[in-house]
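A.B. asks: Quick one: the structure is below, questions incoming.
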Amino acid sequence: MLCVWFVTCAPAFADSNGEALFKAQCNVCHTVEKGGEKRQGPNLWAILGRTVGSIDGFPYSNGLKEADWTWTSERMDQWLANPHSVFSDTYMLYAQKDPGVRGQIISYLETKTD
Ligand code: HEC
């Protein structure tokens, strides 16, 4: 029974929590809906699998502008833990030390795509 509960309930629970965490911790600077406005940071629709720094018209710092790799959940985890460890010149002011919180936000981002 316990396994059934985990399999059927845990992912849904994690997703809804991820949405709340995104709203509380990212939304002030980022929208995530398709075609959403830019705020202090770029729109994050379908960000996983996308090339870093590739939202048209967003004034990225040089590190993101010049990067040519794509966002994976591993890179995203490192980024959210400490953006300056990925790009030393970034102006994203955020850091989340709790891996559980990062994981839930990343799971939520994985659902925001076509
Ligand atoms: C205080 C504002 C702020 C907060 C809070 C914030 N960000 Fe950002 N974010 C930015 C800015 C500004 C940039 C652009 C950074 C640069 O160009 O150096 C950015 C860039 C990004 C990028 C790179 C996008 C791309 O096109 O490559 C991702 C991914 C990202 N943020 C995810 C998040 C997530 C997820 C959260 C919440 C857990 C978050 N950010 C919280 C301001 C913020």
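A.B. asks: Going by what's in this entry, would residue 36 be described as more than 10 Å from the ligand (Cβ to nearest atom) and of a type in the set (Gly, Ala, Ser)?
C.D. replies: Numbers: more than 10 Å from the ligand (Cβ to nearest atom): yes; of a type in the set (Gly, Ala, Ser): yes.
The answer is yes for residue 36.
A.B. asks: A further question on this structure: Taking the condition touching a strand residue (DSSP E or B) at 6+ places or on another chain (Cβ under 7 Å) and open to solvent by 60 Å² or more (accessible area, probe 1.4 Å), does residue 39 pass? Outline the logic, then answer.
C.D. replies: Working: touching a strand residue (DSSP E or B) at 6+ places or on another chain (Cβ under 7 Å): yes; open to solvent by 60 Å² or more (accessible area, probe 1.4 Å): yes.
Taking the combined requirement at face value, the residue satisfies it.
A.B. asks: Test each condition in (1) within 12 Å of the chain's Cα centre (by Cα); (2) surrounded by 12 or more Cβ atoms within 10 Å (Cβ to Cβ) for residue 55 and report the one that comes out false.
C.D. replies: Failed condition: (1).
A.B. asks: For the range 15-26, does any single residue satisfy the condition of being modelled with pLDDT under 95 and open to solvent by less than 60 Å² (accessible area, probe 1.4 Å)?
C.D. replies: Here is the first cut: in the range 15-26, the ones modelled with pLDDT under 95 are 15-17.
Cutting the leftovers down to open to solvent by less than 60 Å² (accessible area, probe 1.4 Å) gives us 15, 17.
Yes; the residues of the range 15-26 include at least one that is modelled with pLDDT under 95 and open to solvent by less than 60 Å² (accessible area, probe 1.4 Å).
A.B. asks: Select from the range 74-92 the residues that are under 21 Å from residue 16 (Cβ atoms) and open to solvent by 40 Å² or more (accessible area, probe 1.4 Å) and list them in ascending order.
C.D. replies: Passing the criteria: only 77.
A.B. asks: Starting from the range 70-89, take each residue that is under 19 Å from residue 100 (Cα atoms) and list its partners that are in a helix (DSSP H, G or I), counting only C-beta distances under 6 angstrom and pairs at least six apart or across chains.
C.D. replies: Going by the 6 Å Cβ cut-off, the qualifying pairs are 73/106; 76/106; 77/102; 78/86; 79/86; 80/102.
A.B. asks: If I ask for residues that are more than 13 Å from residue 17 (Cα to Cα) and open to solvent by 40 Å² or more (accessible area, probe 1.4 Å), which ones from the range 93-110 would you list?
C.D. replies: 93, 94, 95, 97, 98, 99, 110
A.B. asks: Moving on to the next point. Among the listed residues 36, 49, 57, identify the single one that is assigned to a loop (DSSP other than H, G, I, E, B), out of contact with any Cys (no Cβ under 6 Å at 6 or more places or on another chain) and modelled with pLDDT under 95.
C.D. replies: Numbers: 36 fails: modelled with pLDDT under 95; 49 fails: modelled with pLDDT under 95.
Exactly one residue qualifies, and that residue is 57.
The values are calculated or read from the model by the stated rules, or taken from the named source; none is laboratory data. Predicted model, so just to flag it, every value in this text is computed and none were measured. Cβ sites come from the backbone with ideal geometry, for glycine too, and all protein chains shown count toward neighbours. The protein model used for the area step is the full one, side chains on, heavy atoms only, and it has no ligands, DNA or RNA in it. Shrake-Rupley method; radii C 1.70, N 1.55, O 1.52, S 1.80 Å.
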